Every structure is written in structure tokens, then in C-alpha cells.
Amino acid sequence: NPQPGFFPYLSHQNDNLRDSELDFLEGEFPPVMPLGQEALGDLDAVNLWIGDERAVSAMHQDYYENLYAVVHGEKVFHLLPPAINAKLFLGEAEFDQAQYAQAADGTWEVVLDGERVSWIPQDPLALEGVCRASLLEVRVRAGQVLYLP
């Protein structure tokens, strides 16, 4: 259940489940998803995403094959077909890269790390025209896996 003043969210790439940053979770999850290992061979990364119903991932385009396994709850994906190249149709912009850090008084603040990142500044639910007509909503529930080529 959502707690006032607390917003659980973890979104970190680059093999976060197998790197030392989350080593306290060792044993809670397998180091690889057997289905992924069998279907895709050696995996470049295994990442853990955590959030509640308030957590929304920004629209983006992945260049890797992805397997999304939901451990608890539900993750909603809004997908566009490959023929609609999101960067081409929707544009891309540069944004400051940052993370949240908890201050001594318990509040959360945005801390910029000095880097810039390219991102698609669109809300998929606000799309219009052919992009909106092509948008597919997929709900993945606990125990299910979504494969995106």
C-alpha cells in the first residue's frame, strides 16, 4: 500500500541485479532468468526495477531484446510497433541526469550528477494520430513474463 511521503522506486541499468550495488539481494532472485539464458544465450544485463502504482517509466526505445518478469504486483507497458520509430516520430531531447537522495531530515531531493541523457519527452497516453492508434497496452502480472524483441 502506498505510504504518504514514501515513493518506492528503483530504476538503474547496467546489470544492477548482478553488480555489487544490490548484493544484499543475493539469493532472493536467480542471477539469470533460465528462460532468458536458454533463449538468448549469455545475457548482457539483468536489471531489477522496483516501484508501486505511482512509479512510471519514461517513454524510451530499447535496442536490446528484453524479458520482463513481474515478481509482485503488475507492470503496465504502453508499446508502439517497431514501424513507428519513436525517436523519428516523437523526437528526442537532452535532459540532466539525476537521482533522488534522502536528506538528513528525511525529505527527498533531486541530485544532479552533471551528465546529460537523451530521452523521448512524450507521455504515451497523450499521443495523437497514428502513434495513438498504434499504441498497445500490455499488463504483466506476478508470475508472468513479457518478451520484447
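The values are calculated or read from the model by the stated rules, or taken from the named source; none is laboratory data. Just so it is clear, the model here is predicted, and its values are computed rather than measured. Heads up, the Cβs are rebuilt from the backbone with ideal geometry, glycines too, and the neighbour counts pull from every protein chain shown. Ligands, DNA and RNA are stripped out before the accessible areas are found, and what is left, the full protein with its side chains, is counted by its heavy atoms. Shrake-Rupley method; radii C 1.70, N 1.55, O 1.52, S 1.80 Å.
Only one of the numbered conditions (1) surrounded by fewer than 11 Cβ atoms within 10 Å (Cβ to Cβ); (2) of a type in the set (A, V, I, L, M, F, W, C); (3) touching a strand residue (DSSP E or B) at 6+ places or on another chain (Cβ under 9 Å); (4) under 27 Å from Phe6 (Cα atoms) is not met by Leu136, and that is (4). Of all residues in the range 72-95, those that are touching an Asp or Glu at 6+ places or on another chain (Cβ under 9 Å) and not charged (D, E, K, R) total 6. Only one of the numbered conditions (1) modelled with pLDDT under 75; (2) under 30 Å from Arg132 (Cα atoms) is violated by Pro31, and that is (2). Taken together, the residues in the range 28-76 that are open to solvent by 90 Å² or more (accessible area, probe 1.4 Å) and hydrophobic (A, V, I, L, M, F, W, C) amount to 3.
One residue stands out among those in the range 96-149 that are touching a helix residue (DSSP H, G or I) at 6+ places or on another chain (Cβ under 7 Å) and aliphatic (A, V, I, L, M): the one that is modelled with the lowest pLDDT, which is Ile120. Determine whether the range 74-88 contains at least one residue that is at pLDDT 80 or above, at positive phi and over 15 Å from the mean Cα position of the chain (by Cα). No, because not a single residue in the range 74-88 is at pLDDT 80 or above, at positive phi and over 15 Å from the mean Cα position of the chain (by Cα).
Highlighted here are the strands (runs of 3 or more DSSP E) found entirely within the range 22-129 that include at least 2 residues which are charged (D, E, K, R): 74-79, 93-102, 108-119. Of the numbered criteria (1) surrounded by 11 or more Cβ atoms within 10 Å (Cβ to Cβ); (2) more than 26 Å from Leu48 (Cβ to Cβ), the one Ala126 fails is (1).
A count restricted to the range 96-111 and to residues that are over 17 Å from Ala58 (Cβ atoms), open to solvent by 100 Å² or more (accessible area, probe 1.4 Å) and touching a residue at least 12 places away in the same chain (Cβ under 8 Å) stands at 1.
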